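Read the structure below first, then the notes.
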Amino acid sequence: MDFGQRVLVLRRRRIAVRLEWRSVLACAVLALAVAGMAVLALMTGSYQLSAGQVVSALTGGQTGLVHDIVVQWRLPRVAAALVFGASLGVSGAVFQSLLRNPLAEPGIIGFSQGSYTGALIVILVVNGTYWQLVGGALLGGMATAVAVYLLAYRRGVQGFRLIVVGIGISAMLGSLNTWLILKADLKVAMAAAAWGAGSLNGVSWHKVLIGGACIAVLLLLAAVLSRPMRQLELGDEAAAAQGVRVAPARLGLIAVGVALTATVTAASGPITFISLLAPQIARRIARTAGITLAPAAFVGALLCLAADYLAQHAAPTPLPVGIITVVLGGGYLGWLLFTEARRRL
Amino acid sequence: MTALAPPPAAPGTARVPGPRQRRLAGLVGALVVLLVLLVASVLIGSTAIAPSVVWDALFQPSADIDQFAIRDYRLPRAVVGLVVGMALGLTGALIQALTRNPLADPGLLGLDAGASFAVTVAVGVLGVRDISGYMWFAVAGALIVTLMVLALGSTRQGSSPVLMVLAGVCVGAVLRGAGDALQLINPEAFDAMRSWNAGSIAGRPLELVWQILPFFAVALILAFAVSGPLNAMALGDELAATQGVRLTRTRVLAIIALTLLAGGATAIAGPIAFVGLMVPHVARWIVGPHQRWIFAYSVLLAPILLLAADILGRIVMRPNEIPVGIVTAFVGAPVLIALVLRKKASGL
């Protein structure tokens, strides 16, 4: 599709990549902003560092305490915010594109509650390992996605029906989660509740690397699927006419989108609203006609970093990052409802 | 019934099926069921207590331990369930009539989140400990959310059911997040709010009910006073205006009534969703599109639902208990989904 924008075509042997100039430029600017935010996050804490110290610690020019603070203590958290934020941004972009609805968000349509339920059952009932937790979150998210999709299906899935069905399922799972926590041992329950708010407290390199590896694979899959995704935005028939195998492409996109959210949920608890916000902000910055994945990933990373920074340093007590994203994202959703959704719904 | 009642031949009453006697008989039947459930609520619990002990607890009090359980625990629980249920049902009926939105529910629209947040601020930050103090915070919180959701959920063409629910979910999510943040910053607030946040009618002292009852009485009178005008408004604002309905006054009175009810119910029981969604639909299904009858049925059917859900929560997982708010979510969410899946959501 030509959206009337200048297009950069990279050719190397038989592979050609078409990039929109504005997207490339937007990604570059966003990458700079992310890097700046990351350095700021690495500087700030009970032991203040200068930007120079941080950069030299990252490039191996520091040893001892400064190196430990930056690389061992603060970097895992910053890396987690980056990777998880990007993952959530892409997940949201996939759903918003698939459902052709700016309000489609894994949190609103119940997937992240489902992941939380799966993870909670693993924590409280099985008392499982980290891998079992990931599996539980993935299974819970997938099962919820399938349930919401099937319940909302009636000769096609309409955005409005899907969202209200999602709200219903979400409310049900939310109360199930409350009850699971109430029923559990106090100590386990408190850990689970803190995790349920969506927090990056205590992320270790171990967790970041495992989560990051899963997410890297999923992002690659998303990139492969991004072309059929753009074609599906034009409608099933148009996509089929262009040679897209509609059903497998859609199934693959749903699976990747749910898996991206579920992986983050398993690692840090549900961090909501980033998947809602990131694709929309990205679309405005890159001025693309539809939803594009790369800018959404960068905006997601930036949002998650900034929210976690606020969560750690703005209040007298460090807060879970999920609380900040809920408040900011909810405010944005209100604005979106006020301006845009009323024309589209 | 009141000065605001519409002329007897108001449209909307003409289509009502069934004679007045049948509706009255249904009302009496509901009352009987409600009384049976009230008794059952006192009799059924984690330990079996003989009915004779219940009788003695009420009329020949002694220091018997089972009598304490009845007087201090089960009886208040039944009374709280009755009052909170009535308030929730009437709130749901009012808000559905006011917004002409079949999906409207005080919980889904975030009213209870507003009340909860305001109570968290009052109890946790300002140190208010007296129910008559934080009751006003709960009402103010519910009122602000109502106005916000009405503003966000209405378009120029009128209100859109889904938009309004989305607005409610979003306002509710923000307030819940902010409330969580406050509680995490202030552990004292967390402690004060913990037991209350699950949405339960257990362990709530009876004094709460006595203090809130006058407000509920005012709200009840207001609700029935605006039932006629709301009936006329169901056919559209213009038509209602030509019949001499004062639109703004009706809306303001309805909002006052429903925020008093939603705020009060939340102040006592914590957030309980879906009761206000389901009950008016059942009422409408029984009596047709006549607001005064819908209100009357909702006032009786909602405590039936709440008490039944509460009893269910007590016996399903004995000796554990499931808070009533969780049971109603499990009953109510499928109803919400069924309402959406029906081709045309039930008209108002």
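The values are calculated or read from the model by the stated rules, or taken from the named source; none is laboratory data. Only a predicted model underlies this, so the values are computations on that prediction, with no experimental measurement involved. Every residue, glycine among them, receives a Cβ derived from its backbone with ideal geometry; neighbour counts consider all protein chains shown. Surface accessibility is based on the protein's heavy atoms, side chains included, excluding ligands, DNA and RNA. Shrake-Rupley method; radii C 1.70, N 1.55, O 1.52, S 1.80 Å.
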### Task
Within the range B:277-299, identify whether any single residue is among the polar types (S, T, N, Q) and either at pLDDT below 85 or open to solvent by 50 Å² or more (accessible area, probe 1.4 Å) (or both), and answer yes or no.
no
### Message
Is it the case, given these coordinates, that B:LEU143 is part of a helix (DSSP H, G or I), out of contact with any strand residue (DSSP E or B) (no Cβ under 6 Å at 6 or more places or on another chain), over 22 Å from B:ALA338 (Cβ atoms) and within 12 Å of another protein chain (Cβ to nearest Cβ)?
### Response
no
### Query
Residue check: is A:VAL327 part of a helix (DSSP H, G or I) and either of a type in the set (D, E, K, R) or crowded, with 24+ Cβ neighbours inside 10 Å (or both)?
no
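Can you pull out the residues in the range A:301-323 that are in a helix (DSSP H, G or I) and either within 7 Å of chain B (Cβ to nearest Cβ) or open to solvent by less than 30 Å² (accessible area, probe 1.4 Å) (or both)? Break it down stepwise before answering.
Going residue by residue through the range A:301-323, those that are in a helix (DSSP H, G or I) are A:301-313, A:321-323.
A:ALA301, A:CYS304, A:LEU305, A:ALA307, A:ASP308, A:ALA311, A:VAL321, A:GLY322, A:ILE323, listed by residue number.
For the range A:35-48, does any single residue satisfy the condition of being open to solvent by less than 60 Å² (accessible area, probe 1.4 Å), polar (S, T, N, Q) and modelled with pLDDT under 85? Steps first, answer last, please.
If we filter the range A:35-48 for residues that are open to solvent by less than 60 Å² (accessible area, probe 1.4 Å), which is where we start, we get A:35-39, A:41-45.
From what is left, the residues that are polar (S, T, N, Q) are A:44.
Narrowing the set further to residues that are modelled with pLDDT under 85 leaves none.
No, every residue in the range A:35-48 fails to be open to solvent by less than 60 Å² (accessible area, probe 1.4 Å), polar (S, T, N, Q) and modelled with pLDDT under 85.
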### Query
In the range A:264-274, what residues are of a type outside the set (A, V, I, L, M, F, W, C) and closer than 15 Å to A:THR144 by Cβ?
A:THR265, A:PRO270, A:THR272
### Task
Report, by residue number, each residue of the range A:270-300 that is assigned to a helix (DSSP H, G or I), within 14 Å of chain B (Cβ to nearest Cβ) and aliphatic (A, V, I, L, M).
A:ILE274, A:LEU276, A:LEU277
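Would you point out which residue out of B:LEU247, B:LEU235, B:LEU260 is buried (at least 24 other Cβ atoms within 10 Å of the Cβ) and closer than 19 Å to B:ALA104 by Cβ?
Values: B:LEU247 fails: buried (at least 24 other Cβ atoms within 10 Å of the Cβ); B:LEU235 fails: buried (at least 24 other Cβ atoms within 10 Å of the Cβ).
Result: B:LEU260 is the single residue among B:LEU247, B:LEU235, B:LEU260 that is buried (at least 24 other Cβ atoms within 10 Å of the Cβ) and closer than 19 Å to B:ALA104 by Cβ.
Which residue, of B:ALA181, B:ALA219, is crowded, with 20+ Cβ neighbours inside 10 Å and modelled with pLDDT under 85? Write out each step before concluding.
On the way: B:ALA219 fails: modelled with pLDDT under 85.
The match here is B:ALA181.
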### Summary
Those residues of the range B:125-140 that are open to solvent by less than 10 Å² (accessible area, probe 1.4 Å) and under 21 Å from A:VAL327 (Cα atoms) come to a total of 1
## Note on the structure
Of the residues in the range A:262-290, those that are among the small types (Gly, Ala, Ser) and under 10 Å from the mean Cα position of the chain (by Cα) come to A:ALA262, A:SER275, A:ALA278
### Query
For the range B:158-173, which residues satisfy the criterion of being surrounded by fewer than 24 Cβ atoms within 10 Å (Cβ to Cβ) and within 9 Å of another protein chain (Cβ to nearest Cβ)?
B:SER160, B:PRO161, B:VAL162, B:LEU163, B:ALA173
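Going by the structure shown, is B:VAL54 touching a Leu at 6+ places or on another chain (Cβ under 8 Å), β-branched (Val, Ile, Thr) and at pLDDT below 85? Spell out how you get there, then give the answer.
On the way: touching a Leu at 6+ places or on another chain (Cβ under 8 Å): yes; β-branched (Val, Ile, Thr): yes; at pLDDT below 85: yes.
Here the answer is yes, as B:VAL54 does meet what is asked.
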### Query
In this structure, does B:ILE315 turn out to be touching a residue at least 24 places away in the same chain (Cβ under 8 Å), of a type in the set (Val, Ile, Thr) and closer than 15 Å to B:LEU108 by Cα?
no
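Inside the range A:108-226, counting only helices (runs of 4 or more DSSP H) that do not spill past its ends, which hold 1 or more residues that are surrounded by fewer than 21 Cβ atoms within 10 Å (Cβ to Cβ), more than 14 Å from chain B (Cβ to nearest Cβ) and of a type in the set (Gly, Ala, Ser)? Break it down stepwise before answering.
Details: elements: A:111-121, A:130-152, A:159-183, A:186-196.
Because the criterion is at least 1 residues that are surrounded by fewer than 21 Cβ atoms within 10 Å (Cβ to Cβ), more than 14 Å from chain B (Cβ to nearest Cβ) and of a type in the set (Gly, Ala, Ser), the helices (runs of 4 or more DSSP H) in the range A:108-226 that meet it are A:130-152, A:186-196.
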### Message
Looking only at residues that are at pLDDT below 85 and open to solvent by 10 Å² or more (accessible area, probe 1.4 Å) in the range A:261-278, which one is farthest from B:GLY177 (Cα to Cα)?
### Response
A:PRO270
### Query
If you scan the range B:39-48, which residues turn out to be free of Cβ contacts under 8 Å to residues at least 60 places away in the same chain and over 13 Å from B:LEU75 (Cα atoms)?
B:THR47, B:ALA48
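Are any residues in the range B:320-344 of a type in the set (Gly, Ala, Ser), within 7 Å of chain A (Cβ to nearest Cβ) and under 20 Å from B:GLY81 (Cβ atoms), and if so, which ones?
B:GLY325, B:ALA329 - these are the residues of the range B:320-344 that are of a type in the set (Gly, Ala, Ser), within 7 Å of chain A (Cβ to nearest Cβ) and under 20 Å from B:GLY81 (Cβ atoms).
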